[in-house]
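These notes concern the structure reproduced below.
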Amino acid sequence: SPVKPEKLYLYENEFLSEEDLKKLRYTKTPDKKFFLGLKALIRNSEGKILCLIPNKSRNFTGSIDLPGGRCEHRDKEEIHAVQREVFEEIGINITNIVFFDSFIFWDVSFNADPNPIGLTIRLYLADLPKDGVPKLKKEEHSSTIQWLWPGELADSLTQYPLSIREKVRSLEHR
């Protein structure tokens with residue numbers, strides 16, 4: 001008779017046994033703050049995507065980031081929040097903004113707050129305006145701007161779930 005595989009369930013790119021999955025589902029987690037993070041996949045006319053390469057001294061997981069930030073109480077709509085965050089970070093007004101995908105980070109730590117938070121990330125696809133020249137704002141000089149093909153970006157966004165990275169890779173053919 002066929003042998004039943006020990007690890008049956010795929011969870012965040014890792015196979016888990018039924019027992020591990022039950023622990024994950026039924027283990028009470030402490031209440032934590034959750035924030036809404038908005039990130040933009042900004043394409044230029046060639047189809048490359050604008051990326052931020054963080055300075056090694058920053059407390060950041062991964063080698064590449066996307067422009068964006070957290071939604072604030074004053075934001076009435078997500079689209080306006082994405083536009084505001086991108087403008088604050090790189091000084092351009094993005095256009096043709098459409099929802100791309102979302103995912104959750106459960107335990108994110110920032111220098112200012114040692115207690116881990118939860119972060120829902122919502123990604124938006126947008127175009128660089130023809131007259132748009134991205135420049136890092138003064139407080140963002142700990143990063144540099146780089147343009148990558150979607151496949152290169154997908155390989156570099158190691159902190160993102162595999163399903164998101166593959167969806168980014170699919171932009172190569174659009």
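The values are calculated or read from the model by the stated rules, or taken from the named source; none is laboratory data. The model shown is predicted, which means the values in this text are computed figures rather than measured ones. Just the protein is used for accessible areas: all its heavy atoms, side chains included, with ligands, DNA and RNA removed. Shrake-Rupley method; radii C 1.70, N 1.55, O 1.52, S 1.80 Å.
Once all protein chains are placed together, THR144 keeps about 80 Å² accessible to a 1.4 angstrom probe. Please label the shape of segment 116-174 as rounded, prolate or oblate, based on the square roots a ≥ b ≥ c of the eigenvalues of the alpha-carbon gyration tensor (a/c under 1.5 means rounded; beyond that, a/b larger than b/c means prolate, else oblate). Judged from the Cα gyration tensor, segment 116-174 comes out oblate (a/c at least 1.5, b/c at or above a/b).
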